[in-house]
1. Please determine, in degrees from 0 to 90 and to the nearest 10, the orientation of helix A:434-449 with respect to the longest principal axis defined by the Cα atoms of chain A, where the helix direction is its Cα long axis.
2. Taking Cα atoms, how many degrees apart are the long axis of helix A:173-188 and the longest axis of chain A, rounded to 10 and kept between 0 and 90?
3. Out of the DSSP beta bridges found with both residues in the protein assembly as shown, what percent are antiparallel (nearest 5)?
4. Write down, largest first, the equivalent ellipsoid semi-axes of the range B:98-146 in whole Å, where each equals the square root of 5 times an eigenvalue of the alpha-carbon gyration tensor.
5. I'd like the orientation of helix A:374-387 relative to chain A: the angle between its Cα long axis and the longest Cα principal axis, in ° from 0 to 90, rounded to 10.
6. To the nearest whole percent, what portion of all C-alpha pairs in chain A is separated by more than 34 angstrom?
7. What do you get for trypsin sites (Lys or Arg not before Pro) in the range B:112-176 restricted to DSSP loop and a cutoff of at most 15 other Cβ within 10 Å of the site's Cβ?
8. When only DSSP loop residues count, what trypsin sites (Lys or Arg not before Pro) in the range A:299-356 have their Cβ near at most 16 other Cβ atoms within 10 Å?
Amino acid sequence: MSVAVELRHISKRFPGVIANKDVSMSVETGTVHALVGENGAGKSTVMKILYGMQRPDSGEILVNGTAVHFKNPNDAIDASIGMVHQHFMLADNFTVLENVILGSEPRHGITIDFAAARAKVVEMAAQYGLEIDPDVLVEELGVGQRQRVEILKVLYRGARILIFDEPTAVLVPQEVDDLFNALKGLRAQGMAIIFISHKLDEVLRVADDVTVVRAGSTVAQVKSKDVTARQLAELMVGSELPQPSTHGDTRRPEVTLALKDVSIPTQSGSRDLISHVTFNLHAGEVVGIAGVEGNGQAELVEAIMGLREYTGVIEFSGSDMNHLSVAHRRDLGIGLIPEDRQRQAMMMESPLWENRILGHQRGKPVMNGFVLDKKSTIADTKAIMEEFDVRAPGPQTLAAALSGGNQQKFIVGREMSKAPLLLVASHPTRGVDVGAQGAIWEELRRAREKGMAIVLISADLEELIGMSDRLLVMLRGVMTAELDPAKTTPEQLGSAMTGAA
Amino acid sequence: MKKIKLSTLVLAVAAPLAAALVSIVISSLAVLASHKSPFDAYKTMWEFGTTSSSLMQMLNTATPYYIAAVAIAITFRAGLFNIGVEGQLRLGAIFGAYLGAKFILPPVLHIIAIMVIAMTIGGLWAAIAGYLKVKRGVSEVISTIMLNSLAGGLSSYLLANYFVDRTTNSNNMSTKTLPASGQFPDLMPLLNKIGVEDQPGGGVYGMLIFAVALGIVFWFVINRTRFGFELRASGSNPIAARFSGVNSKRMTFVAMALSGAVAGLAGLPAVLGDTHAFNMGFRTGIGFSAIAVALLGRNNPTGMAFSALLFGFLEVSSRSLELIDIAPETYVIMQGSILLSSVIAYEVVRRYKITLQSKELAKAVAA
């Protein structure tokens with residue numbers, strides 16, 4: 001076997017982000033090579049350097065034994081490197097075939113030679129075991145199939161070295177199985193596959209070799225058959241992993257939140273975004289909403305917060321709050337950790353102390369009547385930063401300067417600081433490091449014991465199962481199942497989420 | 001900590017300094033292109049511009065610029081763009097002048113009443129754009145530009161047909177002269193007391209004092225009140241503002257109306273302090289120059305004061321260029337190049353600041 005790609009002592013400095021220093025790895029042809037590390041450890045930087053999106057400050061990249069210097073991704077593509085992005089870059093209103101050839105269409109004079117393109121795509125699909133109907137519109141495809149289109153796109157451009165950036169993050173377990181079969185097929189065809197992930201069980205299932213990144217440096221390259229998940233985890237963090245879990249039943253008799261037959265119709269009159277959702281949430285209870293992203297969870301959150309029109313009734317502590325604005329609902333004691341922190345919860349170019357006010361601008365400690373109390377706000381911001389270990393020089397630091405994990409910790413701290421009766425938490429630990437994840441879980445546990453009700457939405461099935469008292473499965477806007485987390489495995493939950501069970 | 005403060009200070013000065021330098025170079029090239037010495041041009045402008053008479057005119061030019069710039073800054077801070085200040089101030093001024101001459105009130109109250117009229121008219125006119133934006137999704141940029149044209153035509157029509165004072169026989173159509181109680185006292189008597197001598201055709205609008213007060217109120221409301229916070233939040237991240245309980249539609253409407261109300265006042269310094277009526281000689285273009293003043297001053301009350309004064313100075317002093325055979329319109333090039341280079345410089349500094357902070361942060365985390 002020969003070495004397809006080798007990185008030698010790559011270093012890259014960045015403001016704010018942990019720089020890559022002395023990153024080395026070597027990927028052989030016909031293998032799946034996993035690059036693992038915590039979020040923010042520098043995996044993405046390694047990948048961006050390899051794909052020509054960033055230029056290293058020092059070090060060498062060798063492709064098939066030849067040193068290369070990529071100025072941009074086009075150079076990388078020319079060197080037969082391809083990348084399957086985590087977020088798909090597909091045109092919904094194009095067919096699979098059109099998407100695959102988009103940007104490198106075979107020409108026939110001035111027209112596109114669709115016949116030749118189709119022949120090539122069909123042949124490729126068969127060769128690599130990526131069967132898909134080339135004439136179906138992408139908008140009709142599921143997530144797993146869209147990913148297949150992305151892979152075909154990359155192969156169509158002649159890639160022999162494929163980078164997969166957290167490919168399983170958007171998939172449910174069954175789709176993950178399909179993907180892994182496809183990866184094995186590609187490996188058998190002599191491709192070199194770089195698989196970026198922080199999910200160790202998956203890595204051990206699919207990878208031949210594993211390179212571990214910690215704090216910007218590669219700390220080990222091992223054969224996957226020689227290590228256990230625990231050993232890899234220790235390499236990644238240097239300490240024990242926290243577990244999402246709650247103890248005992250802290251449920252209280254009073255109902256904090258009640259949804260009665262809540263639906264969100266679409267304007268076009270097609271299927272409702274959420275349909276006839278009914279559930280009660282008691283004080284001291286965590287209800288986990290499980291579902292593949294885009295099945296109505298975001299809309300459910302917006303309905304509860306009053307950000308979207310709905311039919312049916314939503315009650316808070318026994319009284320109808322249908323006609324209350326977002327501000328009034330927040331005043332009642334509802335905290336929100338939205339799914340997209342930068343878009344929905346922060347003013348990126350404002351200092352942290354101003355971000356402390358956001359969503360809490362209607363009372364103490366940030367306002368004195370209608371006048372802003374800057375001194376008290378700054379003091380309170382400092383307290384939150386200390387309690388939630390937000391790593392930044394001080395309250396005057398701009399939100400944009402913080403890493404994603406620290407932004408998330410700050411938002412969690414802000415929402416918890418007023419001790420809400422109900423917390424609507426979408427992906428509360430997304431993108432934070434292991435230590436912070438444990439701290440956030442601990443904070444949620446403590447609040448639950450004190451009687452806070454939590455609506456928990458997460459793509460991390462272990463977090464959902466571990467933290468929830470009750471699981472509700474959402475599929476195409478409908479609550480399709482209620483599960484007991486104590487008796488549910490991630491696989492079972494995944495089946496329920498896709499409607500397979 | 002001290003180190004950060006020092007670098008912040010350096011950064012704050014660096015941007016305008018770099019911008020000034022670049023704009024001087026560009027303006028010099030423009031003067032050179034007409035085969036004249038830029039050095040002579042600047043010397044003439046400086047000598048002419050720093051006479052007492054010119055300085056007074058500079059203040060009188062800057063006052064309406066400043067008021068109009070505050071109006072624009074309100075919308076900029078809310079993430080909107082009110083290009084309609086020109087029309088709003090025109091309508092505010094003509095209605096203020098016309099209606100103000102119809103009644104008599106005690107001195108201070110009369111002026112306040114005229115201001116309220118001008119604010120109401122300006123506010124209502126801008127509220128049309130706010131309403132269209134909220135209810136119909138019409139871009140306020142487009143609607144305010146159109147409303148400008150309407151306001152121009154409407155004010156001429158009203159003046160010629162309804163508001164004109166037919167008792168005087170002048171070629172310059174004008175509304176009836178305001179009674180003394182509706183005239184804003186000039187600052188000249190005050191200036192005389194501190195030793196400034198009267199100048200031919202001189203005088204300093206009393207509304208200068210009002211403009212200063214407006215700047216202070218603007219600062220307080222924007223930076224220190226809940227309303228101001230919600231307005232800025234809507235501007236810097238409208239989605240996050242909505243998630244935080246800000247009623248974004250109401251905020252859009254209120255910001256537009258408030259901006260229009262302030263804009264309605266921008267035509268009054270001349271009406272109340274000089275002509276004491278609205279006539280055909282009413283200055284045009286204040287609302288457009290004020291956009292540049294607001295941009296250059298970065299919507300900041302102090303910054304806008306400096307930029308209003310700078311624009312006033314350039315406008316007044318450039319009249320002297322004719323004396324040495326240079327087109328006085330050169331000042332338009334100066335204005336433009338100052339604006340362009342400063343907007344670029346601010347953006348560069350803004351990005352550098354984030355980078356700098358990130359570095360500080362990396363150090364803090366590593367330590």
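Bear in mind these aren't lab numbers, they're just calculated from the coordinates by the rules spelled out. Small disclaimer: the values here were computed from a predicted structure and weren't measured. Ideal geometry is used to build each Cβ from the backbone, glycine not excepted, and the neighbour counts take in all protein chains shown.
1. Taking Cα atoms only, the helix is inclined about 30 degrees.
2. It works out to around 20 degrees.
3. Values: 46 of 81 bridges.
Among the beta bridges of the protein assembly as shown, antiparallel pairing accounts for roughly 55 percent.
4. Details: eigenvalues 207, 16, 10 Å².
Working through the eigenvalues yields semi-axes of 32, 9, 7 Å.
5. Result, in degrees: 60.
6. Numbers: 53706 of 125250 pairs.
Counting every Cα pair in chain A, those more than 34 Å apart make up 43 percent.
7. On the way: sites: B:LYS133, B:LYS135, B:ARG136, B:ARG166, B:LYS176; in loops: B:ARG166, B:LYS176.
Loop-located and lightly packed - B:ARG166.
8. On the way: sites: A:ARG308, A:ARG329, A:ARG330, A:ARG341, A:ARG343, A:ARG356; in loops: A:ARG308.
Sites meeting the loop and neighbour criteria: A:ARG308.
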